[in-house]
6 protein chains.
Amino acid sequence: MIYVTRKSHFNAAHRLHNPSKSEEWNKKTFGKCNNPNWHGHNYQLEVTVAGEADPDTGYVIDLSDLKHIINDKILDKCDHKNLNKEVPFLDGIIPTSENLVKAFFQELEDNINETAYGSSFLYSVKLFETERNIAEYCPNPRM
Amino acid sequence: MIYVTRKSHFNAAHRLHNPSKSEEWNKKTFGKCNNPNWHGHNYQLEVTVAGEADPDTGYVIDLSDLKHIINDKILDKCDHKNLNKEVPFLDGIIPTSENLVKAFFQELEDNINETAYGSSFLYSVKLFETERNIAEYCPNPRM
Amino acid sequence: MIYVTRKSHFNAAHRLHNPSKSEEWNKKTFGKCNNPNWHGHNYQLEVTVAGEADPDTGYVIDLSDLKHIINDKILDKCDHKNLNKEVPFLDGIIPTSENLVKAFFQELEDNINETAYGSSFLYSVKLFETERNIAEYCPNPRM
Amino acid sequence: MIYVTRKSHFNAAHRLHNPSKSEEWNKKTFGKCNNPNWHGHNYQLEVTVAGEADPDTGYVIDLSDLKHIINDKILDKCDHKNLNKEVPFLDGIIPTSENLVKAFFQELEDNINETAYGSSFLYSVKLFETERNIAEYCPNPRM
Amino acid sequence: MIYVTRKSHFNAAHRLHNPSKSEEWNKKTFGKCNNPNWHGHNYQLEVTVAGEADPDTGYVIDLSDLKHIINDKILDKCDHKNLNKEVPFLDGIIPTSENLVKAFFQELEDNINETAYGSSFLYSVKLFETERNIAEYCPNPRM
Amino acid sequence: MIYVTRKSHFNAAHRLHNPSKSEEWNKKTFGKCNNPNWHGHNYQLEVTVAGEADPDTGYVIDLSDLKHIINDKILDKCDHKNLNKEVPFLDGIIPTSENLVKAFFQELEDNINETAYGSSFLYSVKLFETERNIAEYCPNPRM
């Protein structure tokens, strides 16, 4: 099994807030991340595809194709945006890193699986919210 | 001359917008950085003090003191905030990196100059808006 | 399965030495790492928790809680210390990176498993002794 | 299970080209990576060994031994070389990152498995072609 | 004085060779960097512009304009190329980092000085050949 | 003026302590850095040489020569050592970063000035004690 990873970056504003809960609960739970005037991050995104290399090209997936899928599905929709208000596929989702990696995975999965060689598939999506805080969604076991 | 630098980080939302100009001018000039719903960054801040080392301590400035001044004057006011709306010393300033480093320098200068050893002084303030976009304010010539 | 990681740093002195072996064996086995006058490192520590996100908060574990557990259990005991002489839970352990990650895991496990959401659990502890030398303890298989 | 990783670096020239295909196919498939005048990279290589620590030394593998194996088997043969023309064990292989990690793994496996403690073994080889493009070969499942 | 920096990356092949000297001199002087089959690097380029910020925009230079100038003048000509054979403005130049930063500076200077605000000007060009080997050309004194 | 920089690394133990002052003064001044059982760091060292490039080689200084001087004069004496007890040229010096960069500069200056091309000279020595705490000694003005 070979794992191929592409790193990307985007900048966005967000706020952690659960609208079904009280203001008090939100302030206590999310602290300064609940600031109603927003804050933001330089997000680093790592998308990993697992599988076998095509013997003709030596590629699990053409990283140029992978880059275009990530641009279309994630970066064009999220870069310099407000993740709570402006990204349709994040509607109703509290934009924690945990929820973002899961949503990004679902957004990317079909296109990547169609594009990668043979039975290669989207393996994981990892997001650095800051250099110190990281989340990864990896629904398939290592084989 | 010895130069001592302390790196810090903060996250904030901002928007580039000149309220004295038209919407059209702002959109054309600032592009996606003008998004009215905000975007944000993980800012990296580097503060450099220049001077001589105290022979008793070997310090140009105690980096623990420098850290506390940066926390009080910059990080507590900017971290997880909206730079356009919530930071009094940035009122009326378009929050480009260029304008931020100048404003941070003025905010830090007196406290640092009083705290550093002998005639040591605040030499420069550098800000990484992203890993690729950087501004530095350095009003004094190298001696 | 979602994996959440928090990075931390600490500085410490150590020495690789097995007191049940001869001086000659120690010098030959550990080389310059056996220096009786100590040497030291800036350690980078990565703690990863695996599980499901709480639907109310979007958190596998509140990273602020995780940070406090790491501070209490590891950083307050190891930062600016001598790992051979001053850390009770490392008594009798040769402080190689391999032994440190295992000891840190055991020190962290109970508190993290109690604090994380639902059946989420401490998944791995990774330690960068230098930028080039890394050890990870990961006793549970990926699920 | 403990995982020990050693990072190394080398610089090399390469070109992506499948000699059994037409010039047209190669240009279309590999784009600027097909440049007949070569291009090159600063490669970062991460070699990970998995297993148990020797109770006498606290080592899964002596990182100094691992460093020498990587130097002998990979760096001395690849550093400042042309990967298409000058590395015997890469003969006939299109030097994509995917193919390189597999070839490096096979080149390293016997020596590392003989040198590591007990039943510890070469677990994975990871290669950063650029900071953004990464491949890993990891044929064994996590245990 | 405010200093604004933009980082970029490109990959290229090169070889250190002075055609006016003997093969023996070249081998002795440049060692493995003289390999006739080429080697290559991931170059990191930092371009710094110095001056005053435009009061209307808060910009010393629009970093989007700076990015386009660097792309046109340097990256489009050097990325995935052979620096000895394929870059017209490097003809006859031994591609050491020292010579590259000087040539890049001359290539960039006019366009940047015309585009930057007021009397702002190209201040320095810095090139990381590897993470450990760096050259900077900075012909103007700090003012 | 061209500036050429070489980065190196070493690991060492140290302790901040002024033996001419009381224990109380030392504890109050240096805090946890005064720990009598030592602590340590992975130091990153950057040595910069300024001057003109030799037209025959394109080098301000052969970085391989510079590397050997840094190894001989600094790394062989400091790596895996106790900076307070085992480095003759640091005798009597409190090993703050400020004092270290000055001592390293004096140790390196003659050899580098003799080896560099023409009138090129040692320009600065910079030391990262941690990623966040940095000192630089730069006695000559930019020309």
Practice task
Would you point out the residue of the stretch C:72-88, among those that are without any contact (Cβ under 8 Å) to a residue 24 or more places away in the chain and of a type outside the set (D, E, K, R), that is surrounded by the most Cβ atoms within 10 Å (Cβ to Cβ)?
Solution key: C:V87
Problem - Flag for D:N111 being in contact with a helix residue (DSSP H, G or I) (Cβ under 6 Å, 6 or more places away or on another chain) and either modelled with pLDDT of 95 or more or more than 14 Å from chain C (Cβ to nearest Cβ) (or both) - result: yes
Handout entry: Unique residue being under 19 Å from D:P55 (Cα atoms), in a helix (DSSP H, G or I) and of a type outside the set (A, V, I, L, M, F, W, C) when the list is C:K27, C:K21
Key = C:K27
Exercise for the section: Return only the number of the condition from (1) farther than 24 Å from D:L127 by Cβ; (2) in contact (Cβ under 8 Å) with a residue 24 or more places away in the chain that A:E114 does not satisfy. Expected result: (2)
Handout entry: Matching option when the condition is in contact with a strand residue (DSSP E or B) (Cβ under 9 Å, 6 or more places away or on another chain) and over 25 Å from F:P55 (Cβ atoms), among E:G118, E:G58, E:G40
Key = E:G118
Exercise for the section: Can you confirm whether the stretch A:67-83 contains a residue that is within 19 Å of A:Q106 (Cα to Cα) and touching a Pro at 6+ places or on another chain (Cβ under 9 Å)? Expected result: yes
Handout entry: Test: residue in the stretch A:10-17 that is more than 14 Å from chain B (Cβ to nearest Cβ) and surrounded by 17 or more Cβ atoms within 10 Å (Cβ to Cβ)
Key = no
Exercise for the section: Kindly list the number of the only condition in (1) over 21 Å from C:E52 (Cα atoms); (2) under 12 Å from the mean Cα position of the chain (by Cα); (3) among the charged types (D, E, K, R); (4) buried (at least 19 other Cβ atoms within 10 Å of the Cβ) that fails for A:K7. Expected result: (4)
Problem - Test result for F:D56, more than 27 Å from C:G31 (Cβ to Cβ), in contact with a Ser or Thr (Cβ under 9 Å, 6 or more places away or on another chain) and loosely packed, with under 15 Cβ neighbours inside 10 Å - result: yes
Completion exercise
Counted residues in the stretch E:35-66 being within 30 Å of B:K21 (Cβ to Cβ) and either aliphatic (A, V, I, L, M) or in contact with a Pro (Cβ under 7 Å, 6 or more places away or on another chain) (or both) come to 8
Completion exercise
For the stretch B:120-143 the number of residues that are over 15 Å from E:I2 (Cβ atoms), of a type outside the set (K, R) and not in a strand (DSSP E or B) is 4
Completion exercise
Taking the stretch D:31-61 and keeping only residues that are without any contact (Cβ under 8 Å) to a residue 40 or more places away in the chain and in a strand (DSSP E or B), one is left with D:H39, D:G40, D:N42
Exercise for the section: Scan the stretch D:114-141 residue by residue and report those that are within 14 Å of chain A (Cβ to nearest Cβ) and aromatic (F, W, Y). Expected result: D:Y123, D:F128, D:Y137
Completion exercise
The residue that is farthest from C:H14 (Cα to Cα), considering only those in the stretch C:26-49 that are facing another protein chain (nearest Cβ under 9 Å) and out of contact with any His (no Cβ under 9 Å at 6 or more places or on another chain), is C:T48
Exercise for the section: Could you grab me the full set of residues in the stretch A:114-143 that are crowded, with 17+ Cβ neighbours inside 10 Å, among the aliphatic types (A, V, I, L, M) and either at pLDDT below 95 or more than 23 Å from A:H39 (Cβ to Cβ) (or both)? Expected result: A:A116, A:L122
Practice task
Go through the stretch C:62-119 and count every residue that is assigned to a loop (DSSP other than H, G, I, E, B) and under 26 Å from D:I61 (Cα atoms).
Solution key: 10
Handout entry: All positions within the stretch A:1-44 that are within 30 Å of D:Q106 (Cα to Cα), among the charged types (D, E, K, R) and out of contact with any helix residue (DSSP H, G or I) (no Cβ under 7 Å at 6 or more places or on another chain)
Key = A:K7
Practice task
Please list, ordered by first then second residue, the pairs with beta carbon atoms under 8 Å, 6 or more apart or interchain, first in the stretch C:89-101 and at the interface with chain D (Cβ under 9 Å from one of its Cβ atoms) and free of Cβ contacts under 8 Å to residues at least 24 places away in the same chain, second assigned to a helix (DSSP H, G or I) and of a type in the set (G, A, S).
Solution key: C:I93/C:A103
Exercise for the section: May I ask you to list the residues in the stretch E:110-133 that are within 11 Å of the chain's Cα centre (by Cα) and not hydroxyl-bearing (S, T, Y)? Expected result: E:V125, E:K126, E:L127, E:F128, E:E129
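The values are calculated or read from the model by the stated rules, or taken from the named source; none is laboratory data. In this text the structure is predicted, and so the values were computed from the model without any measurement. When we count neighbours, we look across all protein chains shown, and the Cβ atoms used for this are built from the backbone with ideal geometry, even at glycine.
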